[in-house]
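> Next up is a structure, given as structure tokens.
The values are calculated or read from the model by the stated rules, or taken from the named source; none is laboratory data. All figures in this text were calculated on a predicted structure; none of them were measured in a lab. Cβ placement follows ideal geometry from the backbone for every residue including glycine, while neighbour counts extend to all protein chains displayed. Ligands, DNA and RNA are excluded from the accessible area calculation, which covers all protein heavy atoms including side chains. Shrake-Rupley method; radii C 1.70, N 1.55, O 1.52, S 1.80 Å.
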Amino acid sequence: MDVDLPYELQLVTDLRGHEERAWQIAWNPVEPLLASCSADKSVRLYNYQPSNESLKFSHIHSIPTGHTKTVRSLAWSPSGKTLATGSFDSNVGIWEREGGHDGDEEAADWECMTLLEGHETECKSVAYSSSGTLLASCSRDKTVWVWEVHPDSDFECMGVLMEHTQDVKCVAWHPSEEILASASYDDTIKLYIDDPSEDWFCFSTLTGHKSTVWALAWSPKGSYLASSSDDLTIKIWKRVAEHKWECALELKGHERSIYSISWGKGKTGEESLGWLASTGGDGKINVWDIREPPESSTGRVLSHKLIATLSSAHDVSDVNSISWCPREGFEDLLATAGDDGSVRVWKVVPSH
Amino acid sequence: MAFSGALTLTDLNDFITPSQACIKPVEQLNPPEELKEPGAASTEIVIDSSGSYYEVSASGPVPNASTKTTEKKLQQAQISLNDCLACSGCITSAESVLITLQSHTEVLNFLESNPPPTSLSHKVPVLSIAPQSIASLAASVSSGSSSAVSPGQILRRVQAFCTQILGFEHVYDTTFARHIALLEHTQEFFERKRGEGKLPMLASACPGWICYAEKAHSEMLPFIARTKSPQQVMGTLVKSWLGSTWGQQPDQIYHVSVMPCYDKKLEASRQDFYNDVYATRDVDCVITTGELELMMREKGWDLSVPVNDEDAPCHNHSAFPELLAHPGTSSGSYLHSLIAAVTQASPDPLDLTVKTVRTSDYEEYILRNRITGELVFKGAKCYGFRNLQNVVRKVGREAGMQVGRGAAGRMGYDYVEVMACPGGCVNGGGQLKPAVRKKEDEEGYTRSWEDSGVQLPDPSEDAGTIQGPKWGNKEWTKEVDKAYWHDLPTPPASPTPEIQAVTSLAESADRLALRVKVDLCHPKNVAGQSDWASAMDQGAESRRRDLFRTQYRAVESEVVGLAVKW
């Protein structure tokens with residue numbers, strides 16, 4: 001059915017172990033580590049190593065987080081040393097490895113360094129800023145919190161942003177600047193910056209989605225922001241001025257809510273803005289190559305090309321999360337987490 | 001295409017609901033009078049034209065004659081405000097109910113239905129206004145005129161409006177009540193310092209903070225000062241002290257307060273401020289500055305017009321000293337009054353250093369012994385929800401209640417003046433908003449220009465302009481702050497004639513406070529009472545606690561998984 005697409009998704013591994021649905025995966029940006037979280041309140045860590053032209057994933061650790069409800073979200077700090085978990089118990093946990101350095105992962109133990117309390121209800125998403133000095137979280141309580149990371153696992157609350165009128169589904173930091181984006185059940189996307197003499201504040205609201213905005217992904221260089229929605233579209237917002245974004249492209253290709261998107265560098269060269277992967281309630285994975293129009297062209301529309309697609313990625317289950325591996329040399333590696341409790345890793349390979 | 005796995009009754013809830021259903025069980029006061037026949041058919045509930053509810057047997061057609069026997073009038077289920085406060089199930093809507101129950105129309109309705117003074121059921125209407133509300137009105141009036149209007153002038157104009165137009169018999173500002181609150185608060189601080197209670201002591205005057213701590217951080221409650229807020233001290237003064245000098249019982253007085261904050265309505269309706277004996281509240285109704293202004297507009301009163309004798313220095317016939325200035329912060333100077341008391345109590349001279357942490361909403365105040373350099377007192381003022389979070393974290397961690405092991409950032413505060421609003425009380429939610437660009441056309445009609453086809457410049461067109469910070473208008477808050485301190489430079493640089501006048505005013509306030517204490521607490525040793533802090537016998541001390549302190553209780557969420565509709 002998938003006619004003439006230049007690439008296809010090859011299953012690298014199917015990682016089982018969560019007892020309930022798997023919500024999210026996060027690739028460690030520095031080390032060969034993949035983390036997943038689940039409604040079973042645990043976090044599972046996998047190591048991966050090259051093996052016969054492929055990769056071998058092995059489960060090395062499980063963190064029984066102590067969260068009293070579902071662990072909904074995960075985020076690694078840019079240093080790869082700290083892991084943040086966002087839970088339906090309304091708290092955010094901060095985890096660091098104790099012992100077992102120098103590659104001896106199995107001896108490592110992960111300890112809760114601090115618990116960030118503040119949300120009134122379910123925390124839906126956590127994210128570290130590019131410098132690792134800020135952590136954002138959002139919740140069904142309609143708020144977005146910004147925390148400053150201090151030494152010794154100390155955190156200071158820098159802002160409580162009460163801009164959304166509904167459940168906030170996702171927070172995402174710009175890849176190089178301190179700009180925070182949030183997406184909500186109120187169908188909008190909000191962008192925030194810090195006023196050094198004041199507090200964090202919302203400087204722009206992006207409207208256009210006709211239903212819940214589930215996920216956000218910045219382009220690798222930060223001049224675009226992608227958003228996915230229950231309205232079955234993905235919108236790509238272009239930065240047209242320092243504090244102004246405009247919708248530049250709309251992508252369609254899912255039949256149910258698009259729960260997750262991820263924008264990686266891809267492997268098609270510098271002219272490309274990278275590969276955008278999406279997944280959701282229809283169990284399908286789509287991968288698009290996004291490009292800017294040539295200088296000569298008059299149109300402002302981005303060019304986009306669906307380069308790979310796969311249905312029933314987790315059999316009949318919903319796919320909750322998708323994520324490109326951020327490490328160099330692994331730009332064609334994708335992971336997904338599904339309602340079936342499994343975590344699957346995919347490689348984008350040229351089709352034959 | 002398959003559906004996702006069946007919904008489970010676990011904790012998944014990406015589905016939201018505006019509010020939880022009320023879970024208060026309906027109390028059955030009257031036992032059913034008639035036993036139902038076994039297997040009796042179900043009944044249904046009908047509503048008649050007057051809105052009464054009837055339970056009607058649905059067993060089939062019933063002859064008209066017997067209608068009365070098959071219809072049973074049902075008692076309406078009633079949910080009192082206290083039920084709502086005790087349950088966090090739908091707390092937000094409960095709070096909005098509380099807030100709407102205390103409105104300016106409620107005040108007008110009362111005044112209208114109040115029988116004349118000759119009647120036995122007449123209640124004496126009294127109004128108390130907060131100095132921050134006066135400042136808000138002053139800033140608003142001043143912004144539309146060439147010369148600044150002082151808080152004193154505003155107080156006279158409000159008094160004129162409330163007595164002449166509305167029919168209040170007495171109008172006071174709440175600064176004398178605050179004076180007493182500060183005295184009691186200082187007393188409490190020294191008690192805690194001696195080991196009778198926990199440190200740091202956290203301010204108790206902000207009802208938003210209290211409400212939040214009770215719901216979300218019950219571990220903070222032992223740290224919060226038990227001293228009543230100025231509003232509630234005023235309630236005690238009006239209903240208990242003034243009332244007795246007037247020969248009126250608490251329930252023969254109707255006490256309205258004007259506050260910069262909506263949450264003061266929640267505070268006034270707390271069970272602790274309800275007098276069971278007389279079935280009355282210390283403050284019957286709270287309205288905001290904005291609601292007072294609305295009343296003035298509705299009654300056609302122009303606050304910018306001077307009233308007679310508005311520049312007279314002081315009402316000699318007023319029961320309380322007026323517009324007492326408490327130098328420090330425009331939110332009540334709780335921290336500064338402690339700094340002054342600690343400095344005064346120290347045998348050695350002390351040096352004060354102030355450090356701003358990021359913004360003026362978070363400042364640290366440190367007192368050191370000038371000779372030994374020893375740290376004597378460390379306090380902070382901490383305004384706004386964000387800073388409040390950090391106080392909660394730090395206090396919690398020091399008390400060893402926080403998960404995690406970070407030892408950094410020990411703050412070691414003795415006292416924190418916590419206020420929920422950024423900028424403090426002058427920026428309260430009930431204050432007047434800064435003048436905005438007119439939406440009306442020249443003839444005073446509201447018009448939507450876009451709808452009429454008029455092209456307006458897109459405000460977002462200019463890439464340089466972005467939406468400003470959310471919390472109110474900082475510039476406007478500064479104006480209100482300026483109006484608040486109108487008559488007094490702050491902090492006072494050197495003793496000037498005005499400051500001396502302030503000092504003598506403060507002294508007379510101290511004397512009156514002592515009289516209030518003696519009158520209300522009845523100490524056995526009246527002659528030994530030299531000031532507010534003078535120790536009294538046990539009975540009198542316990543009366544002092546009843547009158548000037550309060551308590552807090554954690555509000556636990558009663559919403560359990562199965563009762564939740566996701």
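> If you take just the strands (runs of 3 or more DSSP E) that sit entirely in the range A:8-103, which of them hold at least 2 residues that are more than 16 Å from the chain's Cα centre (by Cα), away from chain B (no Cβ under 13 Å) and without any contact (Cβ under 8 Å) to a residue 40 or more places away in the chain? Even if it seems obvious, please write down each step before you answer.
Numbers: elements: A:22-27, A:33-38, A:42-51, A:54-64, A:71-76, A:82-87, A:92-98.
Strands (runs of 3 or more DSSP E) meeting the threshold: A:42-51, A:54-64.
> Still on this structure, please answer the following. Within the range B:268-291, work out how many residues are surrounded by fewer than 24 Cβ atoms within 10 Å (Cβ to Cβ) and outside any loop (DSSP other than H, G, I, E, B).
10
> Let me ask you something else. Look through A:Ile94, A:Ile60 and report the one residue that is open to solvent by less than 40 Å² (accessible area, probe 1.4 Å), out of contact with any Asp or Glu (no Cβ under 8 Å at 6 or more places or on another chain) and of a type outside the set (Asp, Glu).
On the way: A:Ile60 fails: out of contact with any Asp or Glu (no Cβ under 8 Å at 6 or more places or on another chain).
Within the list A:Ile94, A:Ile60, the selection yields A:Ile94.
> Go over the candidates B:Thr163, B:Thr70 one by one and state the one that is modelled with pLDDT under 65 and more than 26 Å from B:Gly424 (Cα to Cα). Let's see the steps before the verdict.
Working: B:Thr163 fails: modelled with pLDDT under 65.
Checking each option against the conditions leaves just B:Thr70.
> If you check every pair at least six apart or on different chains, which have Cβ atoms under 6 Å apart with a residue in the range B:327-342 that is farther than 20 Å from B:Arg194 by Cβ first and a residue that is polar (S, T, N, Q) and assigned to a loop (DSSP other than H, G, I, E, B) second?
B:Pro327/B:Thr490
> Something else now. Among the residues of the range B:244-255, count how many are more than 19 Å from B:Leu111 (Cβ to Cβ) and either free of Cβ contacts under 8 Å to residues at least 12 places away in the same chain or in a helix (DSSP H, G or I) (or both). Step through it out loud before you land on a result.
First pass over the range B:244-255, keeping only residues more than 19 Å from B:Leu111 (Cβ to Cβ): B:244-245, B:247, B:249.
In the following step, the residues that additionally are either free of Cβ contacts under 8 Å to residues at least 12 places away in the same chain or in a helix (DSSP H, G or I) (or both) were identified as B:244-245, B:247.
Of the residues in that region, 3 qualify.
> In the range A:126-174, what count of residues is obtained for those that are of a type in the set (Val, Ile, Thr) and touching a Phe, Trp or Tyr at 6+ places or on another chain (Cβ under 8 Å)? Walk me through it before giving the result.
As a first pass, look at the range A:126-174 and keep what is of a type in the set (Val, Ile, Thr): A:126, A:133, A:143-144, A:146, A:149, A:160, A:165, A:168, A:171.
Imposing the further condition that a residue be touching a Phe, Trp or Tyr at 6+ places or on another chain (Cβ under 8 Å) reduces the set to A:144, A:146, A:149, A:160, A:168.
Result for the range A:126-174: 5.
> Hey, can you tell me all the residues within the range B:318-362 that are touching an Asp or Glu at 6+ places or on another chain (Cβ under 7 Å), surrounded by fewer than 20 Cβ atoms within 10 Å (Cβ to Cβ), aliphatic (A, V, I, L, M) and not in a loop (DSSP other than H, G, I, E, B)?
Result: B:Val354, single match.
> Specify which of the listed residues (A:Ser323, A:Ser312) is among the hydroxyl-bearing types (Ser, Thr, Tyr) and open to solvent by 30 Å² or more (accessible area, probe 1.4 Å).
Values: A:Ser323 fails: open to solvent by 30 Å² or more (accessible area, probe 1.4 Å).
It is A:Ser312.
> Hey, does the range B:221-228 have a residue that's assigned to a helix (DSSP H, G or I) and open to solvent by less than 10 Å² (accessible area, probe 1.4 Å)? Before you say what the answer is, go through the steps one by one.
Here is the first cut: in the range B:221-228, the ones assigned to a helix (DSSP H, G or I) are B:221-223.
Those still in the list that are open to solvent by less than 10 Å² (accessible area, probe 1.4 Å) too: B:223.
Yes, some residue in the range B:221-228 is assigned to a helix (DSSP H, G or I) and open to solvent by less than 10 Å² (accessible area, probe 1.4 Å).
> When the range A:336-352 is examined, which residues are found to be farther than 14 Å from A:Tyr46 by Cβ and within 14 Å of chain B (Cβ to nearest Cβ)?
The first filter runs over the range A:336-352 and keeps only residues farther than 14 Å from A:Tyr46 by Cβ, leaving A:338-341, A:346-352.
A:Gly338, A:Asp339, A:Asp340, A:Gly341, listed by residue number.
> Something else about it: Looking at B:Glu196, is it modelled with pLDDT under 95, open to solvent by 10 Å² or more (accessible area, probe 1.4 Å), assigned to a helix (DSSP H, G or I) and more than 14 Å from every other protein chain (Cβ to nearest Cβ)? Reasoning before the result, please.
Values: modelled with pLDDT under 95: yes; open to solvent by 10 Å² or more (accessible area, probe 1.4 Å): yes; assigned to a helix (DSSP H, G or I): no; more than 14 Å from every other protein chain (Cβ to nearest Cβ): yes.
No, not satisfied.
> Something else about it: Identify the residue in the range A:241-256 that is of a type in the set (Lys, Arg) and within 13 Å of chain B (Cβ to nearest Cβ) and, among all such residues, is most open to solvent (accessible area, probe 1.4 Å).
A:Arg256
> Of the numbered conditions (1) open to solvent by 20 Å² or more (accessible area, probe 1.4 Å); (2) not in a loop (DSSP other than H, G, I, E, B), B:Gly373 fails exactly one; give the number of that condition.
For B:Gly373, the failing item is (2).
> In the list A:Cys157, A:Cys112, which residue meets the criterion of being facing another protein chain (nearest Cβ under 10 Å), over 19 Å from A:Glu178 (Cα atoms) and surrounded by fewer than 23 Cβ atoms within 10 Å (Cβ to Cβ)?
Working: A:Cys157 fails: over 19 Å from A:Glu178 (Cα atoms).
Selected residue: A:Cys112, the only one of A:Cys157, A:Cys112 that is facing another protein chain (nearest Cβ under 10 Å), over 19 Å from A:Glu178 (Cα atoms) and surrounded by fewer than 23 Cβ atoms within 10 Å (Cβ to Cβ).
> Here's another thing I want to ask about it. Please indicate, with yes or no, whether at least one residue in the range B:431-439 is surrounded by 11 or more Cβ atoms within 10 Å (Cβ to Cβ) and modelled with pLDDT of 90 or more.
Yes; the residues of the range B:431-439 include at least one that is surrounded by 11 or more Cβ atoms within 10 Å (Cβ to Cβ) and modelled with pLDDT of 90 or more.
> If you take the residues of the range B:382-399 that are more than 10 Å from every other protein chain (Cβ to nearest Cβ) and open to solvent by 30 Å² or more (accessible area, probe 1.4 Å), which of them is nearest to B:Glu475 (Cα to Cα)?
Across the range B:382-399, the extreme among qualifying residues is B:Glu398.
> Across the range A:187-220, what is the total count of residues that are facing chain B (nearest Cβ under 10 Å) and closer than 30 Å to A:Glu271 by Cβ?
Matching residues across the range A:187-220 total 3.
> Please pick out the residue among A:Lys267, A:Lys238 that is within 14 Å of another protein chain (Cβ to nearest Cβ), farther than 19 Å from A:Ala337 by Cβ and open to solvent by 20 Å² or more (accessible area, probe 1.4 Å). Write out each step before concluding.
Details: A:Lys267 fails: within 14 Å of another protein chain (Cβ to nearest Cβ).
Exactly one residue qualifies, and that residue is A:Lys238.
> Oh, and also: Just give me the residues in the range B:522-552 being assigned to a loop (DSSP other than H, G, I, E, B), hydrophobic (A, V, I, L, M, F, W, C) and within 27 Å of B:Leu202 (Cβ to Cβ), in sequence order. It would help to see each step written out before you state the result.
Going residue by residue through the range B:522-552, those that are assigned to a loop (DSSP other than H, G, I, E, B) are B:522-537, B:550-552.
If we keep only those that are hydrophobic (A, V, I, L, M, F, W, C) as well, we get B:526-527, B:532-533, B:535-536.
Across the range B:522-552, the qualifying residues are B:Trp532, B:Ala533, B:Ala535, B:Met536.
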